[in-house]
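These notes concern the structure reproduced below.
The values are calculated or read from the model by the stated rules, or taken from the named source; none is laboratory data. This one's a predicted model, so the numbers in the text were calculated from it and none came from an experiment. As a convention, Cβ positions derive from the backbone with ideal geometry for all residues, glycine included, and neighbour counts pool all protein chains shown.
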Amino acid sequence: MEIDSNIFAKEKIKTTLFKFAVPAIFALLVSELYNIVDTIYVGHYIGVTSLAAITIAFPVQKLLIALGLLIAVGTSTYTARSLGENNISEFKRIIVTSLTLVLTLLTLVSFIVFVFRKPIFYTLGASDITYALVNKYVSIILLGGIFQSLSVVACYIMISLKQTRALLYTNLIGAVLNIIINYILIVMLGFGIEGAAISTVISQIIAFSFAFYKFKNIIRDFNIEFSMHSIHTSITREILTGIITIGFSTFIIEIEDALVSVVLNNLLYSQGGEAAIVIIGVITKVSMFLFVTIIGISSAMQPIVAYNFGAKNYDKVKKVLITSIKTVLIASFGFWLIFMFFSNSIIGFFLKDSTLLNETVKAFRLCISLIPLTGVYYMGINYYQAIGEAKKSFLLSIYREIIIFIPLAILFVELFGIKGTWIAYPITDAIAALTSFYFLSKTLREDFNELEISRKLKVKTHM
């Protein structure tokens with residue numbers, strides 16, 4: 001397969017960013033939609049206790065998504081950099097390694113969660129009332145995790161090869177099927193919470209089948225083999241380290257959500273019981289619609305930056321970073337306005353109880369009040385991932401939720417009760433955004449000048 005480098009090196013930045021951002025946003029949205037659609041159907045047709053059970057199960061789903069994205073983002077950025085260096089043999093080895101890794105890792109993790117499900121579920125915040133429901137739901141969705149992760153990895157590889165249409169179709173199939181099958185199983189057949197889980201797994205398997213059908217073209221065109229010999233020769237410590245190092249910050253961001261969910265489930269249950277868990281569960285689901293835009297644009301920047309950085313086109317890298325920051329701020333602010341003004345209607349999709357709905361809307365508006373600023377934060381994480389500065393990317397990725405939010409939430413709940421949790425969100429977002437802005441400003445002022453001078457000196461030396 002011939003690689004058209006013009007899309008990364010010569011095409012207008014806004015055009016390229018748009019081409020990559022739309023499918024990336026859609027992919028993230030559909031990943032979250034599996035859980036969101038389940039939440040909507042369960043909230044309206046089954047009951048609050050089952051809704052609390054899905055909230056408690058959320059960290060397990062986040063873990064599976066996080067592992068898939070760890071490999072997918074690492075692979076996509078690594079392959080884009082290899083293509084920028086015109087290293088096709090390495091590109092092929094990376095693909096073999098990534099698919100082998102996702103199969104092995106997801107199978108192992110799913111098995112461990114299933115075997116130790118009882119202590120795990122109680123640690124996540126399950127009570128004697130909700131445990132049986134959590135057990136039914138998670139035991140089923142574990143079956144689909146490996147298919148979802150394989151789809152994500154395959155689609156991210158296709159993005160690095162500018163094949164974004166297959167990604168759109170794959171995720172559209174999964175999203176539409178999940179809505180339809182949920183309706184059939186829950187509303188028409190009365191399956192209960194098991195119906196939501198079965199619907200998710202069936203949708204993931206069918207979506208994977210379509211993604212694999214499209215991905216076979218890449219395997220054929222690049223003549224990639226998956227024999228035991230090719231797996232043995234492809235998997236090296238260098239490639240494994242490269243994939244995991246690049247994707248680790250994305251993994252941390254996703255797994256932080258799971259950790260925060262565990263902390264808040266236990267923290268809020270002691271303050272307000274199942275109702276408080278339902279409120280934070282709905283807020284988490286709805287706010288994901290805002291975050292997928294921010295993370296989607298940030299991740300779309302990665303292969304563009306990685307390619308041009310690999311090609312030593314540092315001036316283009318700088319322009320891509322600046323354009324991406326402007327784009328993510330404008331887009332996130334636009335969506336933020338919509339969610340602030342129509343929060344009552346949006347949250348109404350999840351809740352029927354009017355009292356619970358009003359309390360959730362108030363908390364939601366406070367929680368998302370400064371979310372647009374986090375665009376700068378995620379841009380910093382993804383930029384440092386793209387250029388291989390894993391340490392900076394990692395430090396930023398743990399900064400917002402682990403270093404700032406969790407301690408603030410624990411402190412503020414002690415001081416202000418449940419409302420303290422909602423107050424902690426905007427304060428965290430402001431601090432994280434200001435810190436990231438400082439690092440990126442310093443990068444634009446200093447790092448790029450040094451890189452460009454170094455590049456010009458090398459050019460003169462070879463003249």
Inset, instruction - Could you check, for segment 278-291, whether at least one of its residues is over 24 Å from Ile403 (Cβ atoms), of a type in the set (A, V, I, L, M, F, W, C) and surrounded by fewer than 21 Cβ atoms within 10 Å (Cβ to Cβ)? - result: yes
Legend entry - segment 195-254, residues that are assigned to a helix (DSSP H, G or I) and of a type in the set (Asp, Glu): Asp221, Glu238, Glu254
Inset, instruction - Select from segment 428-441 the residues that are crowded, with 16+ Cβ neighbours inside 10 Å and of a type in the set (A, V, I, L, M, F, W, C) and write down the one among them that is farthest from Ile325 (Cα to Cα). - result: Ile431
Inset, instruction - Can you give me the number of residues within segment 180-194 that are in a helix (DSSP H, G or I) and buried (at least 16 other Cβ atoms within 10 Å of the Cβ)? - result: 6
Legend entry - Cβ pairs under 6 Å, 6+ apart, first in segment 304-325 and within 19 Å of Gly380 (Cβ to Cβ), second outside any helix (DSSP H, G or I): Phe309/Ile387
Legend entry - Check on Val286, within 20 Å of Thr39 (Cβ to Cβ), in a helix (DSSP H, G or I) and in contact (Cβ under 8 Å) with a residue 12 or more places away in the chain: yes
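Rundown of residues vs (1) within 16 Å of Leu33 (Cβ to Cβ); (2) modelled with pLDDT of 90 or more, yes/no style:
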{"residue": "Cys155", "(1), (2)": "yes, no"}
{"residue": "Ile184", "(1), (2)": "no, yes"}
{"residue": "Gly192", "(1), (2)": "no, no"}
{"residue": "Lys216", "(1), (2)": "no, no"}
{"residue": "Ser249", "(1), (2)": "no, no"}
Inset, instruction - Specify which of the listed residues (Ala132, Ala57) is assigned to a helix (DSSP H, G or I), under 23 Å from the mean Cα position of the chain (by Cα) and small (Gly, Ala, Ser). - result: Ala57
Inset, instruction - Go over the candidates Val138, Val153, Val109 one by one and state the one that is in contact with a Ser or Thr (Cβ under 9 Å, 6 or more places away or on another chain) and crowded, with 18+ Cβ neighbours inside 10 Å. - result: Val153
Inset, instruction - Would you check which residues across segment 356-391 are within 20 Å of Leu17 (Cα to Cα) and polar (S, T, N, Q) and list them? - result: Thr374, Asn382, Gln385
Legend entry - Condition broken by Gln302, with the remaining ones in (1) modelled with pLDDT under 85; (2) in contact with a Pro (Cβ under 7 Å, 6 or more places away or on another chain) satisfied: (2)
Inset, instruction - Please go through segment 45-80 and pick out each residue that is touching a Phe, Trp or Tyr at 6+ places or on another chain (Cβ under 8 Å) and small (Gly, Ala, Ser). - result: Ala53, Ala57, Ala66, Ala72, Gly74, Ser76, Ala80
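I'd like to check something: does segment 294-314 contain any residue that is on the phi < 0 side of the Ramachandran plot and not in a helix (DSSP H, G or I)?
Yes, segment 294-314 contains a residue that is on the phi < 0 side of the Ramachandran plot and not in a helix (DSSP H, G or I).
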Legend entry - Residue count for segment 374-414, restricted to those that are buried (at least 22 other Cβ atoms within 10 Å of the Cβ) and closer than 25 Å to Ser299 by Cα: 19
Inset, instruction - Report yes if some residue within segment 147-154 is farther than 30 Å from Tyr383 by Cβ and in contact (Cβ under 8 Å) with a residue 24 or more places away in the chain; otherwise report no. - result: yes
Inset, instruction - Mind telling me which of the residues Ile181, Ile186, Ile206 ends up being more than 20 Å from the chain's Cα centre (by Cα) and within 30 Å of Tyr269 (Cα to Cα)? - result: Ile186
Legend entry - Odd one out for Gln163 among (1) closer than 18 Å to Ala72 by Cα; (2) part of a helix (DSSP H, G or I); (3) not acidic (Asp, Glu): (2)
Legend entry - Pick from segment 73-102, criterion hydrophobic (A, V, I, L, M, F, W, C) and touching a Gly at 6+ places or on another chain (Cβ under 7 Å), ranking: surrounded by the fewest Cβ atoms within 10 Å (Cβ to Cβ): Val102
